[in-house]
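Inspection log for the structure reproduced underneath, given as structure tokens.
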Amino acid sequence: MKAFDKATFKLLLATTIREKEDGYVVSEIFNRYPSAQELLDITEEELLNIKGIGKVKAHQIIAALTLARMNPCPIEERFTIRSPQDAYDYLKDMQYLTQEHFVVLGLNVKNEIIFRETVFIGSLNSSIVHPRETFKHLIRRSCASAIVGHNHPSGNPTPSPEDIEVTKRLVEVGNVVGIEVLDHIIVGFEKYVSLKEKGYM
């Protein structure tokens, strides 16, 4: 049987839950779990955290992915972060979002991206962006380091005091748990700011 790729996975999930391939639920699953291996490893608990997925739909998805797991799945080439520009290139799709999205990129020891997770949507402040939500996925996937990022819908990526405060808090927690936060990228319209380059971390 033909090995599963992203297009095949999208068709499989869309058919399973009776939704279009570009529908909200299918798109949200792929935003949170962009690689084939992550999709195959998804749990019912993780699915239930996605808006629009209840227990019945979660069971259907798990069943479909169990069937997919029986087929050989090629290892996808992972995106490697070598510079703030690389991180921006990976995140620049966020420049078109009309709300602030805070995301975390989990990296392995080779600085390859293991996963991308949106942990918060809304105005950024340290009381809302809790380190627990940021680091739980990093710890679960045994990440070596992380890069966080968020967008400014205004298009101006200049960091606010809240951005700097959140960054310092996450760096401190990362040092405690042993997962280094390498950078915080703020995405504006066709430009970005690296808080690492600016000396805030």
Given the conditions (1) modelled with pLDDT of 90 or more; (2) outside any strand (DSSP E or B); (3) in contact with a strand residue (DSSP E or B) (Cβ under 6 Å, 6 or more places away or on another chain), every one holds for T134 apart from (1)
Selection from the range 94-131 of residues in a strand (DSSP E or B), touching a helix residue (DSSP H, G or I) at 6+ places or on another chain (Cβ under 6 Å) and hydrophobic (A, V, I, L, M, F, W, C) yields V104, F115, V119
Considering residues that are under 20 Å from F79 (Cα atoms), β-branched (V, I, T) and within 17 Å of the chain's Cα centre (by Cα), the number found within the range 108-133 is 3
Per the filter on the range 85-99, residues over 13 Å from the mean Cα position of the chain (by Cα) and buried (at least 20 other Cβ atoms within 10 Å of the Cβ) are Y88
How many residues of the range 38-56 are at pLDDT below 85 and more than 17 Å from E117 (Cα to Cα)? The answer is 1
Within the range 68-84, of all residues that are in a helix (DSSP H, G or I) and surrounded by 16 or more Cβ atoms within 10 Å (Cβ to Cβ), the one modelled with the highest pLDDT is P84
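Conditions tested, residue by residue: (1) of a type in the set (V, I, T); (2) surrounded by 15 or more Cβ atoms within 10 Å (Cβ to Cβ).
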{"residue": "F115", "(1), (2)": "no, yes"}
{"residue": "E133", "(1), (2)": "no, no"}
{"residue": "H137", "(1), (2)": "no, yes"}
{"residue": "I147", "(1), (2)": "yes, yes"}
{"residue": "P153", "(1), (2)": "no, yes"}
{"residue": "I164", "(1), (2)": "yes, yes"}
{"residue": "V193", "(1), (2)": "yes, yes"}
{"residue": "Y200", "(1), (2)": "no, yes"}
If you check A87 against the conditions, is it at pLDDT below 90, part of a helix (DSSP H, G or I) and either of a type outside the set (S, T, Y) or in contact with a helix residue (DSSP H, G or I) (Cβ under 7 Å, 6 or more places away or on another chain) (or both)? no
Taking the range 137-150 and keeping residues modelled with pLDDT under 95 and among the hydroxyl-bearing types (S, T, Y) leaves S142
Only one of (1) at pLDDT 85 or above; (2) of a type outside the set (S, T, N, Q); (3) over 26 Å from V176 (Cβ atoms); (4) surrounded by 13 or more Cβ atoms within 10 Å (Cβ to Cβ) does not apply to L65, and that is (1)
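The values are calculated or read from the model by the stated rules, or taken from the named source; none is laboratory data. As the structure is a prediction and not an experimental result, all values here were calculated from the model. Backbone-built Cβ (ideal geometry, glycine too); neighbour counts: all protein chains shown.
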